[in-house]
Amino acid sequence: MADGARPAYLAETQEASYLQLHAEEIAAAARRIAPHVRRTPLLTTDLDPRLRLKPECFQVTGSFKVRGAFNAVLQLKERTPPPRGVIAVSSGNHAQALALAARTASLTALILIPEDANPAKVAATRSLGAEVLQDGITFENREQRLREVMAERGLTLVHPFDDWDIIHGQATAAREVLEDDPEVAAILAPTGGGGLLSGTALAAKIHRRDTLVIGVEPERADDAQRSFRSGAIQTLPSSPQTLADGVRTTAIGRRNFEVMVERRLVDDIVTVSEEEIERALVTAWLKLKLALEPTAALPLAAYLAGKAPPAEASPVGLILSGGNFDQAVVARLLGSA
């Protein structure tokens with residue numbers, strides 16, 4: 001046996017233990033958040049009988065993000081002493097989710113949102129009681145400003161994706177898919193920082209090891225695919241300009257990388273063009289009658305373009321992550337359809 005090699009049975013045992021640990025955390029997250037989130041339906045469609053659609057646009061705050069936010073905040077609330085308040089950076093969906101979870105737990109919330117973020121998401125975050133800081137905040141400097149404000153205010157960070165409590169909460173979406181249809185052979189999920197995809201991978205591989213898990217991101221924001229291919233976290237030089245504003249992160253998180261790449265629980269990551277995103281968005285609105293935001297249309301874009309999953313995989317679950325869209329963007333696309 002070569003130096004450093006491990007017997008196959010030992011590797012399998014360690015993997016089983018890893019999945020079992022996360023299985024317990026995901027099950028606990030599902031119980032914890034149940035009173036606060038919606039169990040969104042799993043829909044079939046005449047568009048293609050293979051498809052199983054998980055429309056998180058029906059979710060509280062219009063996005064899957066409440067799953068992770070409630071799981072994290074409700075556990076923070078149980079600390080002794082509880083945190084003074086919570087803080088995060090977000091382009092909008094995590095901001096709204098954290099604002100609602102914090103309000104429910106009677107905690108203050110401060111969200112740093114880039115100046116060019118979707119105005120509707122910013123307004124919704126404020127309406128949920130959070131303090132929003134935007135002046136001078138960009139995608140490039142927001143992490144630095146976050147550290148500065150955290151030190152000034154003494155607030156507790158709830159990271160949008162690189163946090164096990166967030167990942168376990170997001171995993172409940174795929175867990176529900178597989179509870180509603182245990183025969184689903186592949187699940188496609190949008191990929192930004194990796195919270196949803198890594199949670200999806202854990203839930204899927206816990207259910208059945210051969211369930212395919214495929215991430216989808218814009219061609220202009222391909223850091224996750226680069227990381228997956230290279231085996232090291234790859235960082236984009238600047239925030240990508242893409243219609244899918246929910247995945248404008250420059251790199252996946254360390255914990256997400258562990259699940260997706262080091263543990264190889266994700267089977268592939270594919271990219272789609274801006275034109276393919278637009279086509280999927282129009283299809284969702286006009287044919288599926290689902291009010292998706294561009295990021296949520298990423299799995300549908302990959303499916304319609306024939307990029308994933310393999311033809312033999314059936315049924316196919318698509319996690320359609322949210323519906324907090326910019327009305328001007330949708331009006332433009334529908335007007336040209």
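Throughout, read-outs are computed from the coordinates displayed, never taken from laboratory work. Predicted model, so just to flag it, every value in this text is computed and none were measured. A quick note on method: Cβ atoms are made from the backbone with ideal geometry, for glycine too, and the neighbour counts reach across all protein chains shown.
Annotations
- Projected label distance in nm at residue 219 and residue 152, using a 7 Å step from Cα toward the beta-carbon: 4.2
- Note on residue 44/residue 311: beta-carbon distance plugged into 1/(1 + (r/R0)^6) with R0 of 30 Å gives a FRET efficiency of 0.95.
- The stretch 65-157 - Rg and Dmax from Cα coordinates, angstrom: 12.3, 38
- Residue 334/residue 264 FRET efficiency (R0 35 Å; Cβ-Cβ; nearest 0.05): 0.30
- The loop-placed GluC sites (Glu not before Pro) in the stretch 219-322, going by DSSP, that have at most 10 neighbouring Cβ atoms within 10 Å of their Cβ come out as 312.
- DSSP bridge orientation in the chain - percent antiparallel, rounded to nearest 5: 5
- Loop trypsin sites (Lys or Arg not before Pro), the stretch 203-242 (other Cβ atoms within 10 Å of the site Cβ: 13 or fewer; DSSP): 208, 209
- Helical content of the chain, expressed as a calculated mean residue ellipticity at 222 nm, amounts to -13000 deg cm²/dmol (DSSP H runs of 4 or more residues, -39,500 (n - 2.57) each, divided by residue number, nearest 500).
- For the stretch 88-94, the Karplus equation 6.51 cos²θ - 1.76 cosθ + 1.60, evaluated at θ = phi - 60°, returns couplings of 7, 10, 6, 8, x, 6, 5 Hz by residue, with Gly and Pro reported as x.
- Note on residue 286 and residue 77: the model spin-label points, each 7 Å out from Cα along the C-beta direction, lie 4.5 nm apart.
- Going from the residue with the fewest nearby Cβ atoms within 10 Å to the one with the most, 228, 139 rank 139, 228.
- GluC sites (Glu not before Pro) within the stretch 133-183, DSSP loop, no more than 11 other Cβ atoms inside 10 Å: 183
- Cα-based shape type of the stretch 179-337, given that a ≥ b ≥ c are square roots of the gyration tensor eigenvalues and the cut on a/c is 1.5: oblate
- Relative contact order (percent, whole number), the chain, Cα cutoff 8 Å, 6+ residue spacing: 20
- Paramagnetic reach from residue 18 in the stretch 188-212 [backbone N under 19 Å; point 7 Å along Cα→Cβ]: 194-212
- Set of lysines near residue 65 by C-alpha distance (under 24 Å), chain-local residues within fewer than 8 positions excluded: 54, 77, 121, 205, 289
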